[in-house]
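Okay, structure first, notes after.
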Amino acid sequence: MTMKLLPIEYATRNLGRSPSRLILTVFGSSLVVLLIMIAAGFMVGMDATLNVSGSDKNIMLLGAGSLESVERSEVKMESSGIVSSSIKGYKTKAGVEGVSPEVHIQMPIDIQGEDRLLLIRGVEPEAFLVHDRVEVEHGSLPRAGHNELLLGSLATRTLGYGKPEDSLGKTILLDNDSYVITGVMIAGGGIIEGEIWAPLSDLLVTTQRDTLSCIVVAIDEKSGGSRSQLDGFVASRVDLELAAISEREYYAALAEFYKPIQIMVVMTCLMIAIGGLLGGFNSTYAAFASRVREVGTLQTLGYKRSAITFSLIQESILTASTGAIIASIIALVALDGYTIRFSMGTFKLLMTTEIVSLGIASGLALGVIGAIAPAIRCLRLPIPESLRASE
């Protein structure tokens, strides 16, 4: 014999009994689900940016003892020419070898009187051969000697431009030197999109620096290039005080370095979510606990406790899923692609299909879990006591 269930209309009508309580419950569910999605989007966005950055074919030559941070690294200026002439097997194009001397430095950018900290990379034309994912999307390349800049597409958002192309022709200050933005670049979603590129010679003058941060070498195995050659060169030229690491290894180590920050963000979101969750449970408990007499009446009409429990869970799921849908809409409309700055650049919050699915599933789980305790409270009393209970 099949169990007699309460119609779904019964659950939906009960939602309108107390509009204020319904709004608070939906708001609590939305907050919990939104925080869960933000935490997931933070982790996915940072990992995606770091994972697509760098290449196994590119080897970074850093100052010995500075493998964990290219910004603290110092490499002698003449090292670039020595590396270029001592080893063969570099990636080449039109006679240009894939050896890129670079300066990486965090500097405050003065834009309309407001300082914003960004990573600036001083490069020479060889950098576009080495970092072959970089493409100029808008404008043109900066010219050496003219104080011109190339902005990453995410860096334009950090500087407050609504559209990347809005930045073209604008002037910003680097250490009191005026620079003009001539182009916007993309890099396949990598960390470079959050950087600013300047001609190496101009940046050296502005920063009054006489050392490089690193030399990035693009090896070509077809031409006889290999990582072992560079390792051998570094070991033999101890006077240059260099250390070699592949770009992929460097960014993987960077991702590990930022794991504690990711965990801290996730834990913070979860603690706030738990607070909202407990508030939602309390509201649901109060709503259900006041209906003890109603539940007793339903039992006298022949509805089994399992059927009544199922109806209460339906109510809770409808409320929680409504909150989850609202949270998902907010996440997709307002937070997907939202830029977050960190010490190595900028990355985007990503609200993927999987994260949206996680949000909806979290809402459904909240609905089921939040209804269990109140349902037990309503159904544990014998029918005579339930009928005598006050509303």
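Count of region 90-102 residues, restricted to those that are out of contact with any Asp or Glu (no Cβ under 6 Å at 6 or more places or on another chain) and assigned to a loop (DSSP other than H, G, I, E, B), is 3.
Does Gln262 qualify as being within 21 Å of the chain's Cα centre (by Cα), at pLDDT below 80 and either among the polar types (S, T, N, Q) or surrounded by 15 or more Cβ atoms within 10 Å (Cβ to Cβ) (or both)? Show your work before the answer.
Working: within 21 Å of the chain's Cα centre (by Cα): yes; at pLDDT below 80: yes; either among the polar types (S, T, N, Q) or surrounded by 15 or more Cβ atoms within 10 Å (Cβ to Cβ) (or both): yes.
Yes.
For region 26-56, a residue qualifies if it is within 11 Å of the chain's Cα centre (by Cα) and open to solvent by 30 Å² or more (accessible area, probe 1.4 Å), and the qualifying residues are Ile38, Met43, Val44, Asp47, Ala48. Of all the criteria given as (1) of a type outside the set (Ser, Thr, Tyr); (2) surrounded by 20 or more Cβ atoms within 10 Å (Cβ to Cβ); (3) under 30 Å from Ala320 (Cβ atoms), the one not satisfied by Arg21 is (2). A search for C-beta distances below 7 Å between a residue of region 136-157 that is farther than 16 Å from Asp177 by Cβ and touching a residue at least 12 places away in the same chain (Cβ under 8 Å) and any residue that is in a helix (DSSP H, G or I) and hydrophobic (A, V, I, L, M, F, W, C), counting only pairs 6+ apart in sequence or on different chains, returns Gly152/Ile192.
Taking region 25-78, which residues are in a loop (DSSP other than H, G, I, E, B) and out of contact with any strand residue (DSSP E or B) (no Cβ under 7 Å at 6 or more places or on another chain)?
Going residue by residue through region 25-78, those that are in a loop (DSSP other than H, G, I, E, B) are 52-57, 64-74, 77-78.
Residues satisfying the conditions are Val52, Ser53, Gly54, Ser55, Gly65, Ser66, Glu68, Ser69, Arg72, Glu78.
Taking the condition part of a helix (DSSP H, G or I) and open to solvent by 10 Å² or more (accessible area, probe 1.4 Å), does Leu129 pass? Taking the combined requirement at face value, the residue satisfies it.
Residues of region 308-360 being touching a Lys or Arg at 6+ places or on another chain (Cβ under 6 Å) and either open to solvent by 60 Å² or more (accessible area, probe 1.4 Å) or not hydroxyl-bearing (Ser, Thr, Tyr) (or both), which ones?
Gly337
Exactly one residue out of Glu148, Glu193 is of a type outside the set (Ser, Thr, Tyr), under 24 Å from Asp132 (Cα atoms) and out of contact with any Pro (no Cβ under 8 Å at 6 or more places or on another chain): that is Glu193. For first residues located in region 226-254 and under 13 Å from Cys214 (Cβ atoms) and open to solvent by less than 20 Å² (accessible area, probe 1.4 Å), partners that are among the charged types (D, E, K, R) and at pLDDT 90 or above and lie 6+ apart or on another chain with Cβ distances below 7 Å form the pairs Leu240/Lys76.
The values are calculated or read from the model by the stated rules, or taken from the named source; none is laboratory data. Because the structure is predicted, anything quoted here is derived from the model rather than measured. Note: ideal-geometry Cβ built from the backbone for every residue, glycine included; neighbour counts use all protein chains shown. What goes into the accessible areas is simple: the full protein's heavy atoms, side chains included, and nothing from ligands, DNA or RNA. Shrake-Rupley method; radii C 1.70, N 1.55, O 1.52, S 1.80 Å.
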